[in-house]
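Here is the structure we will look at.
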Amino acid sequence: MSRSKARRIAITSTVVVVLGALAGQAQHDPNAGNTRARPYSPVNGKGGQDLSGPYEVVVGWPQPLPNHEGWQMSRAAGVWAETPDRIWVATSGELPTNYQGPRQWGPTTVPKLVPALGDLTTRIGRYEHIIMIFDRSGRLLDSWEHWNKKVEGVNRILVNSYDKEPHIWIVDQGSNSAYKFSRDGKRLLLEIAAASVPGADPDDFSAQDMAFLPSGEFYLTGGSRVSRFSAGGKYLSGFDKKGSAPGELNGTHGIQVDSRGRVYVADRGNSRIQVFDQNLKPLDQWPNIVAPYCMRLSKDGRVMWVSDGYTQTFQKYDLDGRLVKGSTWGTWGPVPGALWGPHWFDVDSEGNLYVAEDYNARVQKFQPRADGVKEQIVDVAR
């Protein structure tokens, strides 16, 4: 993708796939005069619906950016909870605000599902506020505007938990590169791109996610490729095999490594998660996970949490790929607490869940409920 194209914040219309569902919902459209921000909440303990599983959504988090009336967040790609008071958010820029008041169901929903009202296929916005930091109340603390010419389209914002010195890693699908920055954002320390991989075609190289090893080595994945690098960025090994057979990949979108050295790859184009040994020999596959957008190992490393961008749900699996019964939750939609395109998620030290959404173009903060189902509470390795 060229840099000029990355500056054009394009939202691809997926309205066709939801028209059938919306047609069914249209007959149940709430009263147009209903201006409640949360039309699914119980009133005096009666009625209401449970959209957010074991969580209570924090409506209005993050706060609107100061002096930015008329603009809203574009695609939200990543989030990292450094502390409950420092939440890092990665976006694709800003789009003109396209709605007034709360989002609703039914026939009023179609233009609000795609944050590009008018032309449903593309809308030029502005490329700023790509990497931001918010406090617990959602107030903007900082924004890395000085890297907007370098970073073309963030897909992940990560930290290597094994690193003795704190650094910020950006996986940039716009330039198909991975960047290592100093924590304060002043210095670019390392860059991994197609030129880092012997024989890789720059026009066919993709960077979507990365995972770290205790040694400092790391894996980078994208497209049909998985590559392993030294801590200093030297290419060590890898493969590029496109297809659907075991060991072949199609549109990878996530990677994790467990304590045994097993490598888990979200093979999104094949609707599965594949498991490899540390030398990238295929070991296993978990089928029928329709669209694994994000996967995270739990704190104890015994289960894998997955957010699915097709079913709009969270669920967890043991490391043999068996779905943990009772763990699934999530509701599709644009209202607060619902999900559309849960692209990445993280959890802070207080248990608050943060979800970056592709198609709702937002980051939501969820607080665990005291009466929430234990099996549904998301926890991730830090």
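Only the coordinates and a few stated rules stand behind these numbers; no lab work does. Worth saying up front: this structure is predicted, and the values here are computed from it rather than measured. Counting neighbours? That spans all protein chains shown, and the Cβs are built from the backbone with ideal geometry, glycine included.
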- Item | Burial order of peptide ranges 349-360, 311-322 (average beta-carbon count within 10 Å, highest first) | 349-360, 311-322
- Note on the structure: For the range 254-382, whose charge dipole is built from +1 on Lys and Arg Cβ atoms and -1 on Asp and Glu Cβ atoms, the candidate among LEU339, GLN367, LEU280 with its Cα farthest towards the positive end is LEU280
- Note on the structure: At 4 °C in a medium of viscosity 1.567 mPa s, the range 314-382 has a Stokes-Einstein diffusion coefficient, with Rh taken as the Kirkwood radius over alpha carbon pairs, in µm² per second, of 100 µm²/s
- How long is the gain from LYS164 to SER298 if the chain were fully straight, where each residue apart is worth 0.36 nm and the alpha carbon distance is subtracted? 46.1 nm
- Towards the positive end of the charge dipole of the range 202-328, with charges on Cβ (+1 Lys, Arg; -1 Asp, Glu), say which of TYR317, VAL263, PRO202 has the farthest Cα. TYR317
- Note on the structure: The percentage of Cα-Cα pairs in the range 51-98 separated by more than 13 Å is 70 percent
- Item | Computed E for LYS46/ALA370 - FRET, C-beta separation, R0 25 angstrom, nearest 0.05 | 0.80
- Message: Skipping prolines and chain starts, which residues have an amide H placed within reach, meaning under 5 Å, of the one on GLY78, given they are 5 or more residues away or on another chain?
- Response: ALA90
- Note on the structure: In this structure, the FRET efficiency calculated for LEU190 and THR311 from their beta-carbon separation, with R0 = 45 Å, to the nearest 0.05, is 0.80
- Query: For ARG225, ARG302, what's the fewest-to-most ordering of other Cβ within 10 Å of each Cβ?
  - Reply: ARG302, ARG225
- How would you order 262-268, 210-216 from highest to lowest mean count of nearby Cβ atoms within 10 Å? 262-268, 210-216
- Message: Pairs of alpha-carbon atoms within less than 8 angstrom and 6+ residues apart define the contacts here; what relative contact order does the range 45-99 have, in percent?
- Response: 29 percent
- Query: Given 0.36 nm per residue, what is the gain on full extension from ASP284 to GLU145 after removing their alpha carbon distance, in nm?
  - Reply: 45.8 nm
- Task: Give the Debye-formula value of log10 I(q)/I(0) at each listed q (0.10, 0.11, 0.17, 0.22 Å⁻¹), with one equal scatterer per alpha carbon of the range 249-382, two decimals each.
- Result: -0.30, -0.36, -0.88, -1.42
- Kirkwood hydrodynamic radius (Cα pairs, Å) of the range 149-245? 13.6 Å
- Message: With 10 angstrom as the radius, rank PHE345, PHE239 by how many other C-beta atoms surround their C-beta, starting from the fewest.
- Response: PHE239, PHE345
- Most exposed first, judged by fewest Cβ atoms within 10 angstrom, HIS343, HIS68 run HIS68, HIS343
